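The values are calculated or read from the model by the stated rules, or taken from the named source; none is laboratory data. All of these numbers come straight from a predicted model, not from anything done at the bench. Glycine gets a Cβ as well: all are built from the backbone with ideal geometry, and neighbour counts include every protein chain shown.
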Amino acid sequence: VQTFVRFAKKARTDGFLALQDDVKATRDDFLKRGVQLVIDGADKEFIQNMMDTELGFVRERHKVGQEIFNSLGTYAPAFGIIGTILGMILMMSTLDDVSQVPRRMALCLSAAFFGLGSGYLLFLPMAGKLKRRSEEELLIKEIIIRGVLLLQTGAAPSLIESNLKAYLDPTTRSLIRSSASEAA
């Protein structure tokens, strides 16, 4: 948010070309590409299409990772049960040595334990974490798109700030210093 306020102030006084050095110093590639489009004089529809297309590809790439871990979390318990059943079949085929039954039973149940444990304690939580991180990254990219479009229209820095802060939760909003308080 503060980056866009700074960019807007500089663009208002010195023009978009003055942002060239600031863009080079920016670490976020998505932000760089968006502001570079503004500097290059691209129109609003072109910028919107370019950035939305990239956002869509990021969303799809993230979805693939989430689906892989969701699938692993769903199938791992089933493979654990299959391992348990196969172990029990093997155990039943060698019932003539009763002293081996407890050891083989433990082996059978460990297959179920590892299947359930890996599914519910590893893969599904990892899929959930990937989903949360993806949502956070996509929100940041949506804020960047909105900021770039507002910058391109020449909106006032205070308007850009209030517009971009609307995307944030109240706690995060309070952490961002207002440009009005800086002016005082």
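I'm checking my understanding of the structure. Among residues of the range 7-19 that are hydrophobic (A, V, I, L, M, F, W, C) and out of contact with any Leu (no Cβ under 7 Å at 6 or more places or on another chain), which one is surrounded by the most Cβ atoms within 10 Å (Cβ to Cβ)?
Only one residue tops the list, namely Leu19.
Out of the range 76-111, which residues are among the hydroxyl-bearing types (Ser, Thr, Tyr) and exposed (fewer than 15 other Cβ atoms within 10 Å of the Cβ)?
Once the filter is applied, which keeps residues that are among the hydroxyl-bearing types (Ser, Thr, Tyr) and exposed (fewer than 15 other Cβ atoms within 10 Å of the Cβ), the range 76-111 yields Ser93, Thr94, Ser99.
Which of the helices (runs of 4 or more DSSP H) contained wholly in the range 60-178 include at least 1 residues that are among the hydroxyl-bearing types (Ser, Thr, Tyr) and farther than 30 Å from Phe46 by Cα?
Output list reads 101-118, 170-175.
Taking the residues in the range 118-147 that are aliphatic (A, V, I, L, M) and farther than 26 Å from Asn163 by Cα as candidates, determine which candidate is surrounded by the most Cβ atoms within 10 Å (Cβ to Cβ).
Ala127
Suppose we keep only residues that are modelled with pLDDT of 95 or more and surrounded by 13 or more Cβ atoms within 10 Å (Cβ to Cβ) within the range 59-72. Which one would you say is nearest to Gly147 (Cα to Cα)?
Arg59
Please go through the range 20-58 and give me each residue that is assigned to a helix (DSSP H, G or I), surrounded by fewer than 12 Cβ atoms within 10 Å (Cβ to Cβ) and either under 20 Å from the mean Cα position of the chain (by Cα) or in contact (Cβ under 8 Å) with a residue 24 or more places away in the chain (or both), ordered by number.
Passing the criteria: Asp29, Thr53, Gly56, Phe57.
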